[in-house]
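Trainee: Take a look at this one; I'll ask things after.
The values are calculated or read from the model by the stated rules, or taken from the named source; none is laboratory data. None of these values were measured; they are calculated from a predicted model. Cβ sites come from the backbone with ideal geometry, for glycine too, and all protein chains shown count toward neighbours. We work out accessible area using only protein heavy atoms, side chains counted, and drop any ligands, DNA or RNA first. Shrake-Rupley method; radii C 1.70, N 1.55, O 1.52, S 1.80 Å.
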Amino acid sequence: MVLPTISEDTISLAPGDELILRFRTWEDYEALLARREDKAGLRIRYSSKTQEIRIMSPLPRHGKNSDILADLVKALLRHECRDWDAFTPITLKRINQQGIEPDYCFYIDNRADILGKERIDLETDPPPDLAIEIDLTCTTKPEDYEAIAPLELWVYRQSQLSIYQFDSQQYRESQISRWFPGYDLKTLIPQYCDRGWQIGSSVALREFEELLRSR
């Protein structure tokens with residue numbers, strides 16, 4: 001068994017591990033982000049409500065699911081003739097409140113506000129229109145995103161898609177997406193994510209695009 005390591009020079013977790021540091025400050029969180037440097041594979045979250053820092057090292061399956069799901073979203077946007085900008089990885093922060101790193105996020109209606117920007121500053125920039133989390137070894141709760149406030153949050157866990165919409169105060173679960181209201185995404189997304197594992201990502205994406213054209 002490989003134990004997690006945090007030192008002045010190193011943050012090291014085995015794939016699939018999650019480490020929770022309790023009673024921590026925003027300054028502790030910022031210091032860990034700086035110490036992580038270019039180890040983008042590690043995800044670090046902070047919540048001032050719980051005073052916890054969570055450090056996660058995703059499994060390879062996590063990345064593939066994220067890639068497949070994001071490709072399906074892009075296919076839907078193309079089919080609807082809508083432009084977008086997407087970010088992964090990205091660190092979203094509300095100073096002294098919350099820091100989180102979604103697996104993927106999309107700017108759709110607000111894309112013009114962030115064009116050409118290398119960093120998103122939520123003090124001046126809008127939050128993403130859609131944030132996506134893939135849960136394999138950890139659990140994402142809607143309240144993890146309340147201070148960041150993307151208009152819609154998708155959580156994909158155990159071949160199930162949960163859709164949450166922000167009502168300016170909290171997230172409420174929804175059966176449909178505000179961005180794609182004409183589609184049964186809670187059925188389609190798991191179906192084609194699973195197909196990506198069975199027949200390959202590109203083939204599953206091509207099948208999905210053919211389905212969209214046939215509508």
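Trainee: Go through 156-163, 53-60 and give me the packing order, highest mean Cβ count within 10 Å leading.
Mentor: 53-60, 156-163
Trainee: In square nanometres and to one decimal, what's the mean projected area of the convex hull around the Cα atoms of segment 114-184?
Mentor: 5.9 nm²
Trainee: A follow-up question, please. Within the chain, what percent of beta bridges assigned by DSSP are antiparallel, to the nearest 5?
Mentor: Of those bridges, close to 85 percent are antiparallel.
Trainee: Follow-up. Assign unit charges at the C-beta atoms only (+1 for Lys and Arg, -1 for Asp and Glu), then state the dipole size of segment 66-189 relative to its Cα centre in Debye, rounded to the nearest 20.
Mentor: That gives segment 66-189 a dipole magnitude of about 160 debye.
Trainee: Using θ = phi - 60° and the Karplus relation 6.51 cos²θ - 1.76 cosθ + 1.60, list the HN-Hα couplings for segment 156-165 in order, rounded to whole Hz, with x at every Gly or Pro.
Mentor: Result, ordered by residue: 9, 8, 6, 6, 10, 9, 10, 10, 10, 10 Hz.
Trainee: Can you list the lysines whose alpha carbon is less than 26 Å from that of Lys186, not counting same-chain residues fewer than 8 positions off?
Mentor: Leaving aside lysines fewer than 8 places away in the same chain, those within reach of Lys186 are Lys64, Lys74, Lys141.
Trainee: Between rounded, prolate and oblate, where does segment 49-161 land on the alpha carbon gyration tensor, with a ≥ b ≥ c its root eigenvalues, rounded for a/c under 1.5, else prolate if a/b exceeds b/c?
Mentor: oblate
Trainee: Any chance you could give the angle, 0 to 90 degrees and rounded to 10, that helix 26-36 forms with the longest Cα principal axis of the chain?
Mentor: 80 degrees
Trainee: Right, something else. Extent of the chain along each principal axis, from alpha carbon coordinates, in Å, largest to smallest?
Mentor: 56, 42, 32
Trainee: Could you compute how much accessible surface His79 exposes when probed at 1.4 Å, giving the result in Å² to the nearest 10?
Mentor: His79 exposes around 70 Å² with every protein chain in place.
Trainee: Amide H of Trp84: which non-local residues (sequence gap of 5 or more, or other chain) have their own amide H closer than 5 Å, using H built in the peptide plane?
Mentor: none
Trainee: Compute the accessible area per residue over segment 1-142, keeping the other protein chains in place, probe 1.4 Å, unit Å².
Mentor: Value returned for segment 1-142: 51 Å² of accessible area per residue.
Trainee: Give the angle, between 0 and 90 degrees and rounded to the nearest 10, that separates the Cα long axis of helix 185-199 from the longest principal axis of the Cα atoms of the chain.
Mentor: Result, in degrees: 80.
Trainee: Report the gain in length on full extension from Lys74 to Glu143: 0.36 nm times residue separation, minus Cα-Cα distance, nm rounded to one decimal.
Mentor: Stretched out fully, the Lys74 to Glu143 stretch lengthens by 22.2 nm.
Trainee: May I pose another question? Ordering Glu133, Glu143 by accessible area with a probe of 1.4 Å, largest first, what comes out?
Mentor: Result of the area sort, largest leading: Glu143, Glu133.
Trainee: For Leu21 and Asp167, compute 0.36 nm times the residue count separating them, minus their Cα-Cα distance, and round to one decimal in nm.
Mentor: Length gained between Leu21 and Asp167: 49.5 nm.
Trainee: Which of Glu146, Glu18, Glu27 moves the most in a Gaussian network model of the chain with Cα springs under 10 Å?
Mentor: Top of the fluctuation ranking is Glu27.
Trainee: Between segment 153-183 and segment 132-150, what is the C-alpha centre distance in whole Å?
Mentor: Centre-to-centre (Cα) distance: 11 Å.
Trainee: How big is D, in µm² s⁻¹, for segment 154-203 by Stokes-Einstein at 25 °C and 0.890 mPa s if Rh is the Kirkwood radius over C-alpha pairs?
Mentor: Roughly 205 µm²/s, to the nearest whole number.
Trainee: Roughly what % of DSSP beta bridges within segment 107-215 run antiparallel, to the nearest 5?
Mentor: Around 60 percent of the beta bridges assigned by DSSP in segment 107-215 are antiparallel ones.
Trainee: Pop the C-beta distance of Glu209 and Ile114 into the FRET formula with R0 = 35 Å and round what comes out to the nearest 0.05.
Mentor: 0.85
Trainee: Report, to the nearest 10°, how far helix 201-214 tilts away from the longest principal axis of the Cα atoms in the chain, using its own Cα long axis and a range of 0 to 90°.
Mentor: 40 degrees
Trainee: Computing the accessible area with a 1.4 Å probe over protein heavy atoms, can you report the carbon and sulfur percentage for the chain?
Mentor: 45 percent
Trainee: For segment 12-19, just list the computed ³J(HN,Hα) in residue order, Karplus coefficients 6.51, -1.76 and 1.60, θ = phi - 60°, integers in Hz, with x standing in for Gly and Pro.
Mentor: 3J(HN,Hα) across segment 12-19, in whole Hz: 9, 10, 6, x, x, 7, 9, 10.
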